[in-house]
């Protein structure tokens, strides 16, 4: 049954791997600080610090990834359209990678920042996956 969802599963693996990479990047950046305290990012840091940006990128993903992946998994168990689900997952995965790259590269406190647009596309994909799950639950 799950082989028909191989594109969706591959996309979910990419999303999980992206969060894993963000964790490593944040940990390495954090430990390179001259005043390193395990588990604590200085409150004095802001967007001009890569330590802050890598930490926020990782935590932003932690705050959002389960909201997307759980309903995506429900879609698989509910037998949702493989094409629609795969498209939503891959668009979300690409948006999270672009969001990450922009957060790493662009030190701005301006809102909306360039990364905000990709965050919002990800939010729309999350709404789409919830909608797909609910639709397949009642159909």
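Please specify each residue of segment 57-66 satisfying the condition of being in contact with a helix residue (DSSP H, G or I) (Cβ under 6 Å, 6 or more places away or on another chain) and in contact (Cβ under 8 Å) with a residue 60 or more places away in the chain.
Those that are in contact with a helix residue (DSSP H, G or I) (Cβ under 6 Å, 6 or more places away or on another chain) and in contact (Cβ under 8 Å) with a residue 60 or more places away in the chain: none in segment 57-66.
Yes or no, residue by residue, for (1) crowded, with 20+ Cβ neighbours inside 10 Å; (2) out of contact with any helix residue (DSSP H, G or I) (no Cβ under 6 Å at 6 or more places or on another chain); (3) modelled with pLDDT under 95; (4) more than 21 Å from residue 4 (Cα to Cα):
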position: 68; (1), (2), (3), (4): yes, no, no, no
position: 72; (1), (2), (3), (4): yes, no, no, no
position: 75; (1), (2), (3), (4): yes, no, no, no
position: 78; (1), (2), (3), (4): no, no, no, no
position: 90; (1), (2), (3), (4): no, no, no, no
position: 109; (1), (2), (3), (4): no, yes, yes, yes
position: 114; (1), (2), (3), (4): no, no, yes, yes
position: 125; (1), (2), (3), (4): yes, no, no, no
position: 136; (1), (2), (3), (4): no, no, no, no
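Which residues, taken from segment 84-135, are over 16 Å from residue 8 (Cα atoms), in contact (Cβ under 8 Å) with a residue 40 or more places away in the chain and more than 11 Å from the chain's Cα centre (by Cα)?
103, 104, 107, 108, 109, 135
Could you run through segment 1-16 and say how many residues are under 10 Å from the mean Cα position of the chain (by Cα) and free of Cβ contacts under 8 Å to residues at least 60 places away in the same chain?
1
Need the failing condition index for residue 52 against (1) in a helix (DSSP H, G or I); (2) crowded, with 19+ Cβ neighbours inside 10 Å; (3) touching a helix residue (DSSP H, G or I) at 6+ places or on another chain (Cβ under 6 Å), just the number.
Looking at each condition in turn, residue 52 falls short on (3).
Against the condition modelled with pLDDT of 95 or more and loosely packed, with under 14 Cβ neighbours inside 10 Å, how does residue 2 come out, does it pass?
no
The values are calculated or read from the model by the stated rules, or taken from the named source; none is laboratory data. Source: prediction; values computed, not measured. Neighbour counts are summed over all protein chains in view; Cβ atoms, including those assigned to glycine, are modelled from backbone coordinates with ideal geometry.
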